[in-house]
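K.L.:
Quick one: this structure, given as structure tokens, is what I'll be asking you about.
The values are calculated or read from the model by the stated rules, or taken from the named source; none is laboratory data. What you are looking at is a predicted structure, and each value in this text was computed from that prediction instead of being measured. We place every Cβ from the backbone using ideal geometry, glycine too, and count neighbours over all the protein chains shown. When the accessible area is computed, the model is the full protein with side chains, heavy atoms only, and any ligands, DNA or RNA have been set aside. Shrake-Rupley method; radii C 1.70, N 1.55, O 1.52, S 1.80 Å.
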Amino acid sequence: MSQNCLVCCDFNMQFTYILSGWEGSMADASIYHDARLSNLAIPDGKYYLGDAGFPNCRQLLVPYCGQRYHLAEWGHGQTQ
């Protein structure tokens, strides 16, 4: 048995919101929708980072669907 959780944290890596108890096969978008309907407040002008399973909306910054992000492609830049 697995469990799916929605957890939010601030820039100090302190938890600001936790929603747990959903079965593991539940979609991320459904859990996010339930959290927004209950008590997850996101201030205007602010957003959360999410993975590709979350919906595309003003409050979430998610990667483009179908885009593969590779850290190796970004290279080491100007490291010396």
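K.L.:
Taking L19 and the conditions (1) surrounded by 10 or more Cβ atoms within 10 Å (Cβ to Cβ); (2) part of a loop (DSSP other than H, G, I, E, B), which numbered condition does it fall short on, given that it satisfies the others?
P.N.:
(2)
K.L.:
Would you point out which residue out of L71, L61 is at pLDDT below 80 and either surrounded by 14 or more Cβ atoms within 10 Å (Cβ to Cβ) or of a type in the set (A, V, I, L, M) (or both)? Lay out the reasoning, then the answer.
P.N.:
On the way: L61 fails: at pLDDT below 80.
Only one candidate passes the filter, namely L71.
K.L.:
List every residue pair whose Cβ atoms sit under 9 Å apart, with the two residues 6 or more apart in sequence or on different chains, where the first one lies in the range 33-56 and is in contact (Cβ under 8 Å) with a residue 12 or more places away in the chain and the second, anywhere, is surrounded by 13 or more Cβ atoms within 10 Å (Cβ to Cβ) and among the small types (G, A, S).
P.N.:
These pairs meet every condition: G53/A27; G53/A29; F54/A29; P55/A29.
K.L.:
Another one. Yes or no: N56 of a type outside the set (A, V, I, L, M), open to solvent by 80 Å² or more (accessible area, probe 1.4 Å), assigned to a loop (DSSP other than H, G, I, E, B) and at pLDDT 90 or above?
P.N.:
no
K.L.:
Looking at the range 1-15 only, could you name the residues that are closer than 16 Å to L61 by Cβ and assigned to a strand (DSSP E or B)?
P.N.:
L6, C8, C9
K.L.:
Could you check the range 22-52 and list, in sequence order, the residues that are open to solvent by less than 50 Å² (accessible area, probe 1.4 Å) and of a type in the set (D, E, K, R)?
P.N.:
D28, the sole residue that qualifies.
K.L.:
Can you report the number of residues in the range 22-53 which are in a strand (DSSP E or B) and of a type outside the set (D, E, K, R)?
P.N.:
3
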